[in-house]
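Below is one structure, written out as C-alpha cells, with a few remarks after it.
Laboratory data are not the source of any read-out in this text; all were calculated from the coordinates shown. Remember, it's a predicted structure, so these values are computed and weren't measured experimentally. Please note: Cβ atoms are built from the backbone with ideal geometry, for glycine as well, and neighbour counts cover all protein chains shown.
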Amino acid sequence: MSKICPLCDTKHPDHAIRCTICNEEFVNDSDAVKFMMRFSGLSSFVRQYGLALLFFGLVIGIGFYVVRHNNLYYSSMSAETTATIVSTKKTYTYGKSTSGMPSNKYPKTDVEYVFTINNQEIRKKVQRDGHVTEAYPVGKKIAVCYDPNNPSGGHSEFKRVLGKCG
C-alpha cells in the first residue's frame with residue numbers, strides 16, 4: 001500500500017512522512033479512516049431507511065399537532081352548567097365510494113340540547129356515533145362544558161365525554 005500526495009498525486013511508500021516533490025506532510029490516516037468508517041455505516045443506514053425515517057417523523061409530528069390542537073380546543077371549555085336534552089334523532093352518514101357501488105352506512109344520533117347562561121338560552125347540537133337515543137332521552141339533565149368567553153358562539157360538549165371541564 002502506498003500513500004498518494006493530495007497536492008501533486010505522486011505515490012510514496014507507506015512509511016513516508018512528507019512528499020518528496022512538494023514537501024506536503026502526510027496526515028496520520030488511521031484516525032480519519034476510523035472516523036469515516038464509523039459514520040459511513042450511518043450514512044448507508046440513512047440512505048436505506050431515509051424515506052421511512054422521514055415518514056415516521058411526519059407521523060409523529062402530525063400526532064403532536066393533533067393532540068395539541070385538541071388540548072387547545074377543549075381547554076377553552078372551562079365553565080360547567082346543566083343542559084336539558086330537547087330532541088334526539090337517529091340518522092346515518094354515508095362513507096365515500098369511488099367505485100360507484102353503494103357506500104357504507106354509519107348510524108349516528110343527533111342530540112339537541114339547551115342551556116341558559118346570563119338569562120340567554122343557548123341551543124347546541126352534537127352528533128354521536130351509533131344509535132344511542134336511549135342514552136340521551138328528551139328531558140334528561142346533563143352536565144355541559146362550555147367556553148365562558150363565548151357561550152353562544154363557542155364550543156360546548158357533554159362533560160361525561162370530556163371527563164372534566166377545561
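With all pairs of different C-alpha atoms in the average, the Kirkwood value for the hydrodynamic radius of the stretch 109-161 is 11.9 Å.
Between the beta carbons of Ser2 and Tyr65, assuming R0 = 41 Å, the FRET efficiency works out to 0.10 to the nearest 0.05. Using R0 = 25 Å, the C-beta based FRET efficiency linking Glu80 and Gln120 works out to 0.90.
Comparing Ala79, Thr116, Gly95 along the charge dipole axis of the stretch 79-162, the residue lying farthest to the positive side is Gly95, per the Cβ-charge model.
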